[in-house]
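No lab work stands behind these numbers, since they all come straight from the coordinates. The structure presented is a predicted model; accordingly, all values stated were derived computationally and were not measured. Positions of Cβ are generated from backbone atoms using ideal geometry, with glycine treated the same way; all protein chains shown enter the neighbour counts.
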Amino acid sequence: MYRIDPARADLAREYKARPSGPHSAELQKLLLILRWGSARGKTVILSSKSESQWRLAKFGPKRGTPMQEYGPTYKSATEASWACFRARWLETTGHDCPVE
Amino acid sequence: MAERLLAYADRISAAPGERVEIKVSAPEGGEYNAKLVRLICGDDSPHGPGFKAEDIKSPIAKSYPARLQPIHAGSHIEFRKGGPQLAGSFTFIAMVWPTLPLKGAPQAIMGNFDAANRSGCSLTVDGSGRLAAQLGDSPLLHLDKPLLDRHWYLVSLAFDASAGTITLRQRVLNHRGPGNAVSEAARRLEPPVAEIARTGAGVGGPFRIAAWSAGEQTGAHYNGKIDSPAVIGRALDAEAIEKLGLDAKAARTASGVLAAWDFGRGISGIAIEDASGNGHDGRIVNLPARAMKGWNWDGSEYDWTKAPDQYAAIHFHDDDLYDCGWETDFSWDVPKDLKSGVYCVQLSQKGKTDAYEEFVPICVRPGPGQKRKALALLIPSASYWAYANHQMPSSWTFNETSMGVFETMTEADRYLEEHVGFGLSTYDLHSDGSGVCYSSSLRPVLNMRPKSHLWQFNADTHITDWLEAQKLDYDVITDDDLEREGLDLLKDYRCVLTGTHPEYYTLKMLDAVQGFTDLGGRLVYLGANGFYWRIAYHPELPGVIEHRRAEDGMRGWISEGGEYYMSFTGELGGLWRRMDRAPQIVCGAGFTAQGFDSASHYLRRPESFDPRAAFIFEGVGKDEVIGDFGIVGGGAAGWEIDRADTALGTPRHALIVAEATEFSAAYHWVKEEFNHTHSAIDGDTCPMIRCDMVFFETPKGGAVFSTSSISWAGALSHNGYDNNVSRITANVVKRFIDPKPFEL
């Protein structure tokens, strides 16, 4: 089983440079780990106003409960994807992403 | 999250002279405005062609009083005359298979309890998952052991009016765990029993199964299966309960029987028959799942039509919804001279703090006797219903690893997540984790709107946008029409265009499209993953489809073994390719892979230089890269892609004129194609992941052209519609509407 090394700034930088890919084999593994399982409980992205604004958010505990938005408003899907990547890195590894 | 203006129509397709009823729920009081528009393009995304609609003068364009119309989700059974009357002693008996016993709220199995005045009696699963008796105002009597989910139980509630006792009993069938299979509890009620219990003639509400009454509404909807419920008009002991519970036929003729329902009768319909002969017939509300395996299913028969007594269970869900049942706000009489097209009733309301907007799409088809254009766009409405209000981001545990992106929710996605009750899609799981096999159009469908996610309806407006830009005359027809009229709907057209993702087909629809091309019709398949799943429309109820995710395929959920046959028609559900009708037979290509990170481009193949295909590539250079641009993934080949395969039915004379092969590792080969797990299944490693552009001639001068890509239509508008995707499409459509026959 692939284990994420939270010090691997190189992989974070690779994602930041090209969030929609293509990705190296190792970054693909890392992303699969970050994305595995239900999104409930993890950070997701909300798009609004005809895909002109994005924010991070989390689902409520079950359907029918409010989603919780947090953090700044992003002006591109790329910025939001990078912010989501960093949030997932922390949620998955317990460590801050080494790249700002 | 802001509230929304919500609306739906009683149909998606209407001919001139027909009436469409519009039903609206407004978040604030006052008024809302309506107008009619002809929709050209619904894509208002930053990189799209922009929202384009043409105002149409109509008497419906005015203000209307705003009101909130509620939705009452949750399936159950109601009875015409209020069901059996409970007077004196009685016993409820049923086989149950609870699926969400730990819901945390009561779930009524059967009875006449009315929560509005707390009278009557209900056999219930309490908020802690325990079998319970709700008897009037008296404290709940419950068993100690919670019910196990997905286990069959024989359950009963016996009320002895003369002894003043109430007895609950459950026995788990096929008991394999520790302890006893049987739990039982009794309570003596202090006299006067009837007053305390508030039972007897004239009290309680209407008898219901899988819910209780809450005044005029229903509540405590049950999740799970119920099989062979019966009401006996005397208090039975354990021996009698066992005898009648295990022998439904004996229950129907038992001494004192008040009602004994057989859910194995009339499975395709909504009627529920009282097999006791006492006339307590009823009907299902909100389409719980029928043709479900019963407690006595022994695996000897998978086809419920051949063993209905083993399919006498109904699976109820607290989030089932068939018809919102809203009152009509206004009607639109389609003018006799209105040209065929995609129209929308556009609604708006200026609230105290928010401005609200809503669209109700209506496809206007040509009426009987009206002259057809040479060209028709076949709107894949059956596929719209399959995806209606889908909640994949929260239903699926594999959505991100399948899509290759982090979940990105639109405002509509978020609204559906935060507001239960809008009904689900055939991609979703019910609240109890079971798959959704029915999907209805009689509700606001938030993802079938302009200005929504570019998938299905809104992606298909890239085609209408292009047709308008090309100044091509076209009619608009829908799957709902195709299901009703069959080949007659198509036979007068020279050329039919599909939508971007015509995935769901009934037998009648598939026969019609195949018949059209066999009779000289020309088909332009502008999408991918088409003609894939077999579905059924309900034979009587309007606006609802059924889908069983049987056996194999790219499935959002998996049908339980033994539940592969559709309740609406008795047909086997699942993949058309498993029924010897692979998509390659219809359009030369069939679903081979999907990925949603980026789209690719096509390169011409040697076959494209065959004189038969010359018309397709007029104005396209021999080494020209085709479709390395587009709104949907940045290329014309992507999202879902199809492959030609003679083994699956691609005609031997078909030309694979171009192909796309450069796909990322986020693309995965469809699972029905590999019989054993292995690692070479992604875009980096699997040669089956390619997108084949196909052309072939059909009998009597017909032809088929397939782009085999969902992303194709998103590339049509690139560079002001001046690009090689647009050029190829125009070359094909113009040749296909030319009456000159193709030589086979």
Report, in deg cm²/dmol and to the nearest 500, the calculated mean residue ellipticity at 222 nm for chain A, where each DSSP H run with n ≥ 4 adds -39500 (n - 2.57) and the sum is divided by the residue count.
-11500 deg cm²/dmol
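Using 0.36 nm per residue of separation minus the Cα-Cα distance, give me the extension gain between B:H678 and B:R118 in nm, one decimal. List each step's numbers first, then the result.
On the way: separation 560, 0.36 × 560 = 201.60 nm, distance 5.94 nm.
That pair, B:H678 and B:R118, stretches by 195.7 nm at full extension.
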With a cut-off of 8 Å between alpha carbons and a minimum separation of six or more residues, what is the relative contact order of the range A:9-93 in percent?
25
Compute the projected area of the convex hull of the Cα atoms of the range B:390-513, averaged over all viewing directions, and report it in nm² to one decimal place.
9.6
FRET E, pair B:A355, A:E79, Förster distance 35 Å, beta-carbon r, rounded to 0.05:
0.80
With respect to the cross-link table entries A:K62/B:K508; A:K16/B:K350; A:K58/B:K293; A:K16/A:K58, which display a Cα-Cα separation exceeding 32 Å?
A:K62/B:K508; A:K16/B:K350; A:K58/B:K293
Links that overshoot a 20 Å alpha carbon limit, given the list B:K52/B:K451; B:K249/B:K306; A:K49/A:K75; A:K49/B:K57; A:K49/B:K23; A:K49/B:K52
A:K49/B:K57; A:K49/B:K23
On a 0 to 90 degree scale, rounded to 10, what angle separates helix B:507-518 from the longest Cα axis of chain B?
10
Once both label points are put 7 Å beyond Cα along the C-beta direction, the B:T253-B:E327 separation in nm becomes 5.0
Rank B:L489, B:A637, B:I22 by how far each Cα sits towards the positive end of the charge dipole of the protein assembly as shown (+1 on Lys, Arg Cβ; -1 on Asp, Glu Cβ) and give me just the farthest.
B:I22
Distance-filtered residues of the range B:710-743 - backbone nitrogen under 15 Å, label point 7 angstrom along B:A614 Cα→Cβ
B:743
What does the highest-first list of B:486-493, B:307-314, B:137-144 look like by mean Cβ count within 10 Å?
B:307-314, B:486-493, B:137-144
Below 8 Å between Cα atoms, with a sequence gap of 6+, how large is the relative contact order for chain B in percent?
13
For chain B, the longest principal axis of the Cα atoms and the Cα long axis of helix B:724-736 enclose an angle in degrees, to the nearest 10, of 90
Coordinate range along principal axes, alpha carbons of the protein assembly as shown, Å, largest first:
94, 72, 60
Assuming a viscosity of 1.306 mPa s and a temperature of 10 °C, what translational diffusion coefficient in µm² per second does Stokes-Einstein assign to the range B:101-196, Rh being the Kirkwood radius over Cα pairs?
115
Under a Cβ-only charge scheme (Lys and Arg +1, Asp and Glu -1), can you give me the dipole magnitude of the range B:193-322 about the Cα centre, in debye to the nearest 20?
180
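Take every Cα pair under 8 Å in the range B:427-545 that's 6+ residues apart, average their separations, divide by the length, and report that relative contact order as a whole percent. Let's see the in-between values first.
On the way: 138 pairs, mean separation 28.5, N = 119.
Computed value for the range B:427-545: 24 percent relative contact order.
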Work out the charge dipole of the range B:257-361 with +1 on the Cβ of Lys and Arg and -1 on the Cβ of Asp and Glu about the Cα centre, then indicate which of B:H317, B:F330, B:W261 is farthest towards its positive end.
B:F330
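Please identify every one of the GluC sites (Glu not before Pro) in the range B:644-744 that sits in a loop by DSSP and has no more than 11 other beta carbons within 10 Å of its own beta carbon. Present the calculation step by step, with values, prior to reporting the outcome.
Details: sites: B:E659, B:E662, B:E672, B:E673, B:E697, B:E743; in loops: B:E662, B:E743.
For GluC sites (Glu not before Pro) across the range B:644-744 that sit outside H, G, I, E and B with at most 11 neighbouring Cβ atoms in 10 Å, the list reads B:E743.
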If you build the Cα gyration tensor of the range B:314-401 and take the root of 5 times each eigenvalue, what three semi-axes come out, in whole angstrom, biggest first?
31, 22, 16
Checked the range B:537-578 with the C-alpha gyration tensor, a ≥ b ≥ c its square-rooted eigenvalues, rounded below a/c of 1.5, otherwise prolate if a/b is larger than b/c and oblate if not; verdict prolate
Please give the calculated 222 nm ellipticity per residue for chain B, where each DSSP H segment of at least 4 residues contributes -39500 (n - 2.57) and the sum is spread over every residue; nearest 500 deg cm²/dmol?
-3500 deg cm²/dmol
Rh (Kirkwood; distinct C-alpha pairs) - the range B:649-744, Å:
15.7
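Using the Kirkwood formula over every pair of different C-alpha atoms, what hydrodynamic radius in Å results for chain B?
On the way: mean 1/r = 0.0363 Å⁻¹.
When all Cα pairs of chain B are included, the Kirkwood radius is 27.6 Å.
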Across the residues of B:414-421, average count of Cβ atoms on other protein chains within 10 Å?
4
All-pairs Cα distance distribution in the range B:203-271, expressed in whole percent, bin size 10 Å
17, 40, 36, 6
Whole-Å distance linking the alpha carbon centroid of the range B:500-573 with that of the range B:623-648 is 24
Kindly provide the Kirkwood hydrodynamic radius of the range B:7-53 in Å, to one decimal, from all pairs of distinct alpha carbon atoms.
13.6
Over all directions, average the projected area of the Cα convex hull of the range B:34-187 and note it in nm².
17.3
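Above 16 angstrom, tally the Cα pairs of the range A:9-93 and express them as a % of all pairs, no decimals. Could you put the intermediate results ahead of the total?
Numbers: 1963 of 3570 pairs.
Percent of Cα pairs beyond 16 Å in the range A:9-93: 55.
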Taking the simple approach of a point 7 Å from Cα along Cα-to-Cβ for both A:D10 and B:D580, what is their distance in nm?
5.7
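Based on Cβ point charges of +1 for Lys and Arg and -1 for Asp and Glu, what charge dipole magnitude is obtained for chain B about its Cα centre, in debye rounded to the nearest 20?
On the way: 72 positive and 97 negative charges, 221 e Å.
With Lys and Arg at +1 and Asp and Glu at -1, about 1060 debye.
Which order do the peptides B:543-549, B:560-566, B:714-720 take when ranked by the mean count of other beta-carbon atoms within 10 Å per residue, highest first?
Numbers: B:543-549: 24.1, B:560-566: 20.4, B:714-720: 22.1.
Packing proxy ranking, top to bottom: B:543-549, B:714-720, B:560-566.
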Is there a quick way to get the dipole size of the protein assembly as shown? I mean about its Cα centre, with the Cβ of Lys and Arg at +1 and of Asp and Glu at -1; what is the value in debye to the nearest 20?
340
What number does the range B:103-158 give for Rg over Rh if you use C-alpha atoms and the Kirkwood radius?
0.95
Run the quick spin-label model on B:R80 and A:E100: label points 7 Å from Cα toward the beta carbon, then report their separation in nm to one decimal.
7.6
Which three extents, in whole angstrom, do the alpha-carbon atoms of the range B:524-650 cover along their principal axes, largest first?
53, 32, 28
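Which value, in Å³ per residue, describes the convex hull spanned by the Cα atoms of the range B:255-312? Intermediate results must be reported in sequence, preceding the final value.
Details: hull volume 5.4 nm³, N = 58.
With only Cα atoms used, the range B:255-312 gives 93 Å³ per residue.
Tell me the net charge near B:A211. Cut-off is 14 Å between Cβ atoms, B:A211 excluded, with +1 for each Lys or Arg and -1 for each Asp or Glu. Don't skip to the end; give the middle numbers.
On the way: positive: B:K103, B:R208, B:R283; negative: B:E78, B:D114, B:E216, B:D318, B:D319, B:D320.
In short, -3.
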Run the paramagnetic zone check for B:Q470: 7 angstrom along Cα to Cβ, then residues of the range B:702-732 with backbone nitrogen under 14 Å.
B:705-707, B:712-718, B:721-732
Per the Cauchy relation, a quarter of the hull surface: what is the mean projected area of the convex hull of the alpha carbons in the range B:76-316, in nm²?
11.9
